[in-house]
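One structure is given here, and the rest of the page talks about it.
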Amino acid sequence: GAAHDPDLQLEVVRALRNLAYQNEANCQKIAVCGGVEVLGALCEGSAHAGVVAQAVAALSNLAREGSTRSEMRYKLGWDPEWGTRQLAQVGKRAQRAHREAQQHPLASGSASHSGSHGVSWTA
């Protein structure tokens, strides 16, 4: 469904990032409505690099506000290196998904589109 559409997730996470930028009231509302947990789950579970990057940016904006930073420490184990670790993991997940798609020839036609969404993972 729509909740699992990476393109839609990207737009929603980008909007949350912008709403959280230097706006304590919005940060508090995002946190109260469960945004910290949702953004954390996207960081830890998405194979879409753009979604993870925007979610990390949104969480970074939230972390600038003291009231949400403590909640993030409690719920996510947030520290200054948390975002960097999540970004590193998305590359590993995308590479794994790509390898799995290559091992299943019948799925390769649709898997190539749903993998990295145009992001190259080669060094």
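Considering 21, 74, which residue is of a type in the set (Phe, Trp, Tyr) and modelled with pLDDT of 90 or more?
21
For the criterion of being open to solvent by less than 80 Å² (accessible area, probe 1.4 Å) and modelled with pLDDT under 70, residue 114 passes.
When the residues of segment 4-22 are filtered to those that are touching a residue at least 24 places away in the same chain (Cβ under 8 Å) and aliphatic (A, V, I, L, M), the one that is farthest from residue 49 (Cα to Cα) is 20.
Counting the residues of segment 65-81 that are assigned to a helix (DSSP H, G or I), free of Cβ contacts under 8 Å to residues at least 12 places away in the same chain and surrounded by 11 or more Cβ atoms within 10 Å (Cβ to Cβ) gives 3.
The values are calculated or read from the model by the stated rules, or taken from the named source; none is laboratory data. Just so you know, these numbers come straight off a predicted model, no measurement behind them. Backbone-built Cβ (ideal geometry, glycine too); neighbour counts: all protein chains shown. All accessible areas refer to the heavy atoms of the entire protein, side chains included, with ligands and DNA or RNA removed. Shrake-Rupley method; radii C 1.70, N 1.55, O 1.52, S 1.80 Å.
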